Amino acid sequence: MKADPIIIVGAGPTGLATALALGLEGASVVVLEAEPALTIDLRAGSYHPPTVEMLDGLGVAKTMHESGIVVPSWQIRDREAGVVAEFDMSLLKDVTRFPYRLHLEQHRLTPILLDRIRKAAPTVEVRFASPVAGYDQDADGVDVRLEDGSALRGSFLIGADGARSVVRRGMQVGFEGFTWPDRFLVASTSHDLGAHGFSGAGYIADPTHWAAVFHVPDDGPPGLWRIAYPIQAEEDEAEVLEPEAIQDRLKLVLAGNVAAPVGGYPLKYASIYKVHQRVADRFAVGRTVLVGDAAHLNNPLGGLGLNGGIHDAVNLAGKLAPIWREGSDHQQAFDLYDRQRRPVNIKAVQAMSIRNKRILEERDPAVRRQHLHELGATAADPVKAKAYLMESSMINSVRDAAQVH
């Protein structure tokens, strides 16, 4: 008997990467996306070496490089004193084919993934304007109900539908963790911070005005510099989004590193979002399984969230495609997926992103000086720097997961 398709809810980068990986293995897949077209998300867009390797395996890395920005080093800066550490990613050249970060906004990755699906994975169907209302599963499959009253039978259901995941709610698993009291404002400027010595990725430490700074391609050269900084709980969103308020904050954030341009920083985008640290209690229940933000959320410091989602996608697809083809039992494979991806996410992604935020915003002057001194000493020592990069670039987390059997 021909197996029912694998249904994926969500056509973001993780959902489409999962669909593509399954489709390249010949599995029948239906992707259900609530929105009428691919969405634009201005947050994520930094890919670590193992993620680029995975995307290369899916046949999209070459296209990503055509418009993406290669970032060979990244910096830690003090808001007043400037650069305190610069990590040279070429130290990883003996362990990866891509010893750098690749920057490409995730809303520029999704069209690349969709185009690859349409050209190379004919067994994958992507349906837009198809919001899911709920589902029921039994021993043989999953019945998915759409909001328009229609229904679809699938052999498995994958939730790639983000923080408010319908699939996760139907699994009735907890989503433990917390929401940070401060929010992030992301402002994008065309002013060239590279001319002021910024590498394509950097972090500015300060008790109040810390920030993350990334160079992204936008519509093409010279691209945009995206600056994410904290907005306190008591601050009014409308007020902090006023152009004058953003200009004032950028001058504070970049104070010791950049002389503000005459007339202010040219701005293109600005948005605010809440930041969460949460992990689902289980990643798989019966024939339903979670990937990406539906399974785990973290703050963006370190560029770990989107990368972790792609790692979920490739890991799960490698297990599920042969099960779909052969009709074998899925429970052992899903249990292994949970054991590989959930603990690694807690140990690596959650712990590292929380640590990164706390280092940047440390208020105790002595502790702050010690942290920055240690980072500078680590970056200056090739052996220590490589060990640090193995961790921060997620190479170790991928290897750790592969050791779980």
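Each other residue within a Cβ distance under 14 Å of ILE112 adds +1 if Lys or Arg and -1 if Asp or Glu, for a net charge of +1.
Among all the aspartates and glutamates, which ones have a C-alpha under 12 Å from LYS319's C-alpha, if same-chain residues fewer than 8 places away are not counted? Straight-line reach from LYS319, under 12 Å: GLU25, ASP329, ASP335, ASP338.
From the Kirkwood radius over Cα pairs of the chain, Stokes-Einstein at 4 °C and 1.567 mPa s returns a whole-number translational diffusion coefficient of 59 µm²/s.
Evaluated at q = 0.12, 0.15 Å⁻¹, the base-10 log of the normalised Debye intensity for the stretch 183-272, with identical point scatterers placed on the Cα atoms, takes the values -0.32, -0.51.
Average projection, convex hull of the Cα set of the stretch 250-405: 13.1 square nanometres.
Estimated at 0.36 nm per residue, the fully extended path between ALA402 and ALA81 surpasses their Cα-Cα distance by 111.5 nm. Secondary structure note: in the chain, about 70% of the DSSP beta bridges are antiparallel. Sorted into 5 angstrom bins from 0, the C-alpha pair distances of the stretch 92-244 split as 2, 6, 10, 12, 12, 14, 14, 12, 10, 6, 2, 0, 0 percent. Summing charges over neighbours of HIS276, with a neighbour being any other residue whose Cβ is under 14 Å away from its Cβ, gives +4 when K and R count +1 and D and E count -1. When you filter the GluC sites (Glu not before Pro) in the stretch 43-99 for DSSP loop state and at most 16 other Cβ atoms inside 10 Å of their Cβ, you are left with GLU80. Summing +1 for each Lys or Arg and -1 for each Asp or Glu among the other residues whose beta-carbon sits under 14 angstrom from that of GLN247 gives -1.
Here the extension length gained between LYS319 and ARG363 equals 11.3 nm, from 0.36 nm per residue of separation less the Cα-Cα distance.
Modelled this way, with points 7 Å down the Cα-to-C-beta line, the labels at ALA139 and LYS93 are 5.9 nm from one another. Counting every other Cβ atom within 10 Å of each residue's Cβ, ILE346, ILE7, ILE227, ILE158 order from fewest to most as ILE346, ILE227, ILE7, ILE158. Reported to two decimal places, what Rg/Rh ratio describes the stretch 114-161 when computed on Cα atoms with Rh from the Kirkwood expression? A ratio of 1.02. Taking a straight Cα-Cα cut-off under 19 Å and skipping sequence neighbours fewer than 8 places away in the same chain, the aspartates and glutamates within cross-link reach of LYS384 are GLU86, ASP88, ASP94, GLU374. Close amide H partners of ALA27, meaning residues 5 or more places away or on another chain with modelled amide H under 5 Å apart, do not exist here. Once you place label points 7 Å from the Cα toward the Cβ at SER67 and THR39, how far apart are they in nm? If labels sit at SER67 and THR39, their model points lie 2.0 nm apart. The relative contact order of the chain, computed from alpha carbon pairs under 8 Å that lie at least 6 residues apart in sequence, is 22 percent.
Geometric descriptor of the stretch 37-127, per residue, is 105 Å³ (volume of the convex hull of the Cα atoms). Of LYS384, LYS319, the sequence from fewest to most neighbouring Cβ atoms within 10 angstrom is LYS384, LYS319. Where both bridge residues fall in the stretch 26-169, DSSP classifies roughly 85% of the beta bridges as antiparallel.
Available extension along the chain between TRP180 and ASP115 is 19.8 nm, counting 0.36 nm per residue and deducting the alpha carbon span. Applying both filters, DSSP loop and at most 16 other Cβ atoms within 10 Å, to the GluC sites (Glu not before Pro) of the stretch 209-269 gives GLU234, GLU235.
Computed over the stretch 76-119, the convex hull of the alpha-carbon atoms projects to a mean area of 5.1 nm².
Three principal axis extents of the stretch 255-310 based on alpha-carbon atoms, in descending order, are 60, 22, 19 Å. For the stretch 1-89, applying the loop criterion from DSSP together with a ceiling of 10 other beta carbons within 10 Å to the trypsin sites (Lys or Arg not before Pro) yields LYS2. Mean residue ellipticity, 222 nm, helices only, the chain: the sum of -39500 (n - 2.57) across DSSP H runs of n ≥ 4, divided by residue count and rounded to 500, is -11000 deg cm²/dmol. Compactness of the stretch 172-234 was expressed as the Cα radius of gyration divided by 2.2 N^0.38 Å, which yields 1.43.
None of the figures in this text is laboratory data; all of them are computed from the coordinates on show. All values reported here derive from a predicted model rather than from experimental measurement. No Cβ is skipped: glycine too gets one built from the backbone with ideal geometry, and neighbour counts run over all protein chains shown.
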